[in-house]
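Note sheet for the following structure.
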Amino acid sequence: MKQILGCLFSPRLYKVYRDGPKDSMYQPVGYEKWGDKIIITAHALLNISLYTSPFICFYIYKRGFLSFDEVKSMGRLLGGLSCLMVISFLIRAYGRSLNPKYIQFVNTITNTLTDKQAYLTELRKYDFDIKGWPVTFSVANKESSTSDPIIRMDPIDEGLKWYQHHPFRCCSNPDLRFYKRIPLQILAFSAVHTFGLRLIYPGSLTIVNSLLFLTGAALLQGRTTLVENHNGKRARIGTADGNTIDTMFVDNRTRFLKGKILVICCEGNSGFYEIGIMTTPMKCGYSALGWNHPGFAGSSGLPYPSQEHNAIDAVMQYAINELGFRPENIILFGWSIGGYTATWAAVNYPIGGLILDATFDDLLPLAQNQMPPSWSLLVKEVIRSYVDLNIADLITKYNGPVKLIRRTEDEIISLRLNSEKQGILSTNRGNDLLMKVIDNRHPKAVEDPHVRVALIKLLALMDLQRNILDRNEIEEYERSLLPLIGKYLHDYRSSHCTPLPESDFVAVMQRLEAIKQE
């Protein structure tokens, strides 16, 4: 009976590492299998019903299901479903108690009497529901229970109190008359808290996470590769605002000379460390730390800017205080929208360098470009008030080594596409980000309007085209711009989502090192 109770709410086991083929998962059998199927199906239906709840409510209202008799019948139905769920949990627990492999797993996660490192070593032999993982590092605990210095340059944002969440807290269209402004604020508040944030960060959708897990188990396979092939170490860390972040660390310090450098990888709006950019620096011999945005896969919360700040802050503190990397040996690598969190951390920590791959300057122009022109005021209200990812503004506060990687056929952050659905290079928002960097670091070089026009024209060319320019046929001020562009920009001929080749990453890292020596 004690074993059954212990298995009742214990986490779902996905895999025992190094136990059979890499693609083999833990297979529930008998009672556990059938109980699990009912619970998983019910969970999926619940998520679908939550996303379609407005349509369900409208249907119930139109069909007159709110009468006493209908409500009574619905109550019976819900009661029957609740009984079915209780029975399913009991059946699953009983089935688990009969499985020696699962009982061994439960004994491992409940045996916390050993020292921390030994406990984590045993725990990392299994892949299971992240909610069952202990929080092994917390920013709040770090600041309250130790005297070690916190290297962060500015105080972290602890987020809004519950009573501060209302539509009128801020306004991004103050020039509008109040009778236009108030409905716009209410619409923006409603939009961002229902579908808006999910459109910006599709990876936070439960259905996306479920598909990635069920369709070929992409996330599980990615974690298996990191753990079994590269000795990756998974950890669950706590943020200052109470979220927990799912991380994976690959330590190459003892294998390669480059391993003393840690590359912290910040994924895109549908990216996960299991199948993301982390593998590129790792294969190049660098140590790598991947993490999932709040609301993505095993991370809790939602990817609002304040929660993103706290997430990357916790990751940085974990890297410095738990993993033992000095800030100057940390490189931040941000891809796409992950460039925002990477730049925020670069501003707040004395890091070794910043790499931004396929990153834009400001989310607003991209968002307005995807929406009808009549929605421009609403889009501005949503972005500026709730999801103001202005990387160009942040990067002016960072003076360390930086390198931008521009995808020359990027179809996502370019405002216009050609007939082959490839981004037109002159409309790539990475150009605007580079101009902001040059404006901030070399203001005298571009203060002349003619020079700015020349810079825009040169940025519309790929690096190969700029390299073959006849230096005798261009103006002196144009020649002076070429080294500046080459210093901060690295072109890669590809679309937005193509993995960055290892050779390109090594070249960028070498250039960062050269910038440090200048």
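What follows is calculated from the coordinates using simple rules that are stated; it is not laboratory data. Keep in mind that this is a model prediction, so the values were computed, not measured. Cβ sites come from the backbone with ideal geometry, for glycine too, and all protein chains shown count toward neighbours.
By how many nm would the segment from Ala460 to Arg479 lengthen if fully extended, with 0.36 nm per residue of separation less the alpha-carbon distance?
Working: separation 19, 0.36 × 19 = 6.84 nm, distance 1.55 nm.
Full extension of this stretch gives 5.3 nm more.
Is there a pair in Lys15/Lys260; Lys380/Lys444; Lys101/Lys131; Lys131/Lys403; Lys258/Lys444; Lys131/Lys380 whose C-alpha atoms are over 26 Å apart, and which pairs would that be?
Lys15/Lys260; Lys380/Lys444; Lys131/Lys403; Lys258/Lys444; Lys131/Lys380
So how far apart, in nm, are the two label points at Phe58 and Asp504 if each is 7 Å from Cα heading toward Cβ?
4.3 nm
Tell me whether segment 403-518 comes out rounded, prolate or oblate; compute the Cα gyration tensor, take square roots of the eigenvalues as a ≥ b ≥ c, and use a/c under 1.5 as the rounded threshold.
Oblate is the answer for segment 403-518, as a/c is 1.5 or above yet b/c matches or exceeds a/b.
How many nm separate the modelled label positions at Gln221 and Ser49, each set 7 Å beyond the Cα in the direction of the Cβ?
Between Gln221 and Ser49, the label points sit 3.3 nm apart.
If I model a spin label as a point 7 Å beyond the Cα along the Cα-Cβ vector, how far apart are those points for Ile40 and Arg177 in nm?
5.8 nm
Cα axis of helix 53-62 to longest principal axis of the chain: angle in degrees, 0 to 90, nearest 10?
The angle comes out near 60 degrees.
For Cα pairs less than 8 Å apart in space and 6+ apart in sequence, what is the mean separation divided by the residue count of the chain, i.e. the relative contact order in percent?
So the answer I get is 12 percent.
Arrange the peptides 125-134, 259-268 so that the one whose residues have, on average, the most other Cβ atoms within 10 Å appears first.
Values: 125-134: 16.5, 259-268: 25.0.
Highest-to-lowest ranking by the protection proxy: 259-268, 125-134.
Using alpha carbons only, how many degrees (0 to 90, rounded to 10) separate the axis of helix 218-230 from the longest principal axis of the chain?
Tilt of helix 218-230: around 80 degrees.
Which angle from 0 to 90°, rounded to the nearest 10, does the C-alpha axis of helix 476-488 make with the longest principal axis of the chain?
20 degrees
Highest mean first, how do 95-108, 243-256 rank when packing is the count of other Cβ atoms within 10 Å averaged over residues?
On the way: 95-108: 17.2, 243-256: 20.1.
My ranking of the peptides, most packed first, is 243-256, 95-108.
Normalised by the residues of segment 2-128, what does the relative contact order come to in percent, with Cα pairs under 8 Å and at least six apart?
Dividing the mean separation by the residue count of segment 2-128 yields 50 percent.
What FRET efficiency comes out for the pair Lys260/Asn399, r = Cβ-Cβ distance, R0 = 22 Å, nearest 0.05?
That gives a FRET efficiency of 0.40.
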